[in-house]
Amino acid sequence: MSSNMTDTPDETLIETGFEVEADRTHEQTDTEAILQSENLSVNYGDEQALDDVTIEIPENRVTAIIGPSGCGKSTFLRSINRMNDRIRSCAVDGELYFHGKNVYDDDVDPVALRRKIGQVFQAPNPFPKSIYDNVAYGLRIQGRDDEVDLDEAVERALRGAALWDEVSHQLDSSGLDLSGGQQQRLCIARAIATDPEVLLMDEPTSALDPVAASKIEDLIDELVEKYTVVIVTHNMQQAARISDKTAVFLTGGELVEYDDTATVFENPADSRVEDYITGKFG
Amino acid sequence: MARHEYQRELDRLRADVCSMSDLVLERYEDALEVYETGNRSLSESVIDGDHEVNERYLDLEGDCIELLALQQPVAGDLRFVASSFKIVTDLERIGDLATNLAGYGAAETTTLLAPEGVVELGERAGSMVADAVDAYEVEDADMTWEIAARDDDLDQACREASERVVRQLLADDPSTLSGTEIEARLADVSRTLLTIRDIERVGDHAVNICARTLYMAENDDGLIY
């Protein structure tokens, strides 16, 4: 069951919590995938949410996860950074590799993992703090309290989230005073401030108007130069617009098709996918 | 409910493209009859009727754009709408070529090539169009390859017909013809060669329809060039 990569686990990864920049070249030579699931199944009690999912997610690409409600999209996303650990009835079977290291191994620290695999949620959820403190929050938890260092990191993150020009003059204002679209970009700034490698986005634009959603889509296009983005979306046109790869899950948590986005939307191999994306449900 | 209406719109588009094809082929067959009989009133009817073909074309183009804008089709539906969008352009062009033929046919009858020879070529091209639209209607990929192969034969037949016309012209002894006769002869050659060229183009449009149909049916761009 284990891959070649797991036969030679990366010691650096285990010791320091996924700080493996120096070794990434090796991983990329073996495979372009930064994330791999192998026969991943997730159950909530008796309810199966993911069924034997095997997938490779390429680095510095946008991978869209689409499928009807209840098909396991968000469960898959939460499995990647072990957010499912918080759900008591959740049982995970199979492997999920990040840089060739199974994130479900006993020696993996979930907090360190989430530092490398950040997440942005459906509804913008800034903390009731200033814009500055929202972005600096994760950095302070990491123990970075040098003011100059923090100032630079906050500016870098806000620029990375395409928000700096709009808020640079009001960093002490509450994050809750921003518009919905700005709040979501603030959450993205917060997520990238800790310098993750992967950004998981769970329907990040579903609560936004088309203009704000468009800004997030543009931002994703820029983010992917530095990060790997995995996005769950119900908006198939959005998936088609912004992603390089598309995975289609159908009811029962089955990964039915995974291919280049253009192929999925132009000529899907599975007739169930064709029926789903064209709106004909059998 | 909205998706049912969407499916009905797709079905309607397919039926409307086939209906436009019926209209264009009717005009085209009339044009061939003009070529054979020199019937000037029928010629005028074909030429004047082209605006109806153009209107159908613009309506169907609008329907395709509306489907793309409002329904945002993907996968097989997208290929179908995109192909239909292209096919109506080919049908409109065949309508234009029919008006050309009707115009040539209403002029003096050619003495260079038997009209029935031209009409036979024209009928071959017309049957390719009819078969191509049949293939589109039922999404028959095999048929598209077969029709495309027939175009090679049509091209060869058109080449041979053109060569016959030129040979006859070369065989003429200009010293035996008056200036008026030479002018008439040159006009005849020009008209006959243009007729053959337009018929050959009708065959090309049939192949275009096949190419789009093959892409629509099987995501195969093997006939698109």
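The values are calculated or read from the model by the stated rules, or taken from the named source; none is laboratory data. Note that the structure is predicted; figures quoted are calculated from it, not measured. For neighbour counting, all protein chains shown are included, and Cβ atoms are generated from backbone atoms with ideal geometry for every residue, glycine included. Side chains are part of the model used for accessible areas, which takes the heavy atoms of the whole protein and leaves out ligands, DNA and RNA. Shrake-Rupley method; radii C 1.70, N 1.55, O 1.52, S 1.80 Å.
Tabulated data
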quantity: Share antiparallel - DSSP beta bridges, the protein assembly as shown, percent rounded to 5; calculated: 60
quantity: Three-way shape label, region B:13-163, alpha-carbon gyration tensor, a/c 1.5; calculated: oblate
quantity: Chain A, accessible surface, carbon-and-sulfur percent (1.4 angstrom probe); calculated: 44
quantity: Long pairs among A:LYS73/A:LYS116; A:LYS73/A:LYS226; A:LYS215/A:LYS245; A:LYS73/A:LYS129; A:LYS215/B:LYS86; A:LYS116/A:LYS245, criterion Cα-Cα beyond 27 Å; calculated: A:LYS73/A:LYS129; A:LYS215/B:LYS86
quantity: Estimated FRET transfer efficiency when R0 is 51 angstrom, pair B:THR176-B:ASP155 (beta carbons, to 0.05); calculated: 0.90
quantity: Size of electric dipole in region A:4-277: Cβ of Lys, Arg +1 and of Asp, Glu -1, about Cα centre, debye, nearest 20; calculated: 980
quantity: Heavy-atom accessible surface of chain B: percent carbon and sulfur, 1.4 Å; calculated: 49
quantity: Selected from B:ALA211, B:ALA171, B:ALA187 as most flexible by GNM, with chain B as the system and alpha-carbon contacts under 10 Å; calculated: B:ALA171
quantity: Test item: Cα-centred dipole of the protein assembly as shown, Lys/Arg +1 and Asp/Glu -1 on Cβ, debye; calculated: 1340
quantity: Sites A:ARG144 and A:ARG241, calculated FRET efficiency, Cβ-Cβ separation with R0 30 Å, nearest 0.05; calculated: 0.25
quantity: Where chain A is the region considered: accessible area per residue in Å², 1.4 Å probe; calculated: 45
quantity: Ratio Rg/Rh [Cα only; Rh per Kirkwood] for the protein assembly as shown; calculated: 1.19
quantity: DSSP-defined antiparallel bridges as percent of all bridges, region A:4-277, nearest 5; calculated: 60
quantity: Evaluated over region A:4-277, the Cα radius of gyration and Dmax, each in Å; calculated: 18.5, 57
quantity: Residues whose placed amide H lies under 5 Å from that of A:VAL256, excluding near-sequence neighbours; calculated: A:VAL248, A:PHE249, A:LEU250
quantity: Largest to smallest accessible area among A:HIS169, B:HIS4, B:HIS205 [probe 1.4 Å]; calculated: A:HIS169, B:HIS4, B:HIS205
quantity: Buried solvent-accessible surface, both chains (B, A), 1.4 Å probe, Å² to nearest 100; calculated: 900
quantity: Relative contact order of chain B, pairs being alpha-carbon contacts under 8 Å that are 6 or more residues apart, as %; calculated: 28
quantity: A:THR54, A:THR278, reordered so the largest accessible area comes first (probe 1.4 Å); calculated: A:THR54, A:THR278
quantity: Per residue value of the accessible surface for chain B (all protein chains in place, 1.4 Å probe), Å²; calculated: 47
quantity: Where a label projected 7 Å from the Cα of A:SER271 along Cα→Cβ would reach, residues of region A:40-82 with amide N under 17 Å; calculated: none
quantity: CD proxy at 222 nm, helix term only [per DSSP H run n ≥ 4: -39500 (n - 2.57); per residue of the protein assembly as shown; nearest 500]; calculated: -19500 deg cm²/dmol
quantity: Estimated dipole of chain B in Debye, rounded to 20 [Cβ of Lys and Arg +1, of Asp and Glu -1, Cα centre]; calculated: 380
quantity: Length-normalised contact order for chain A - Cα pairs under 8 Å, 6+ apart - percent; calculated: 24
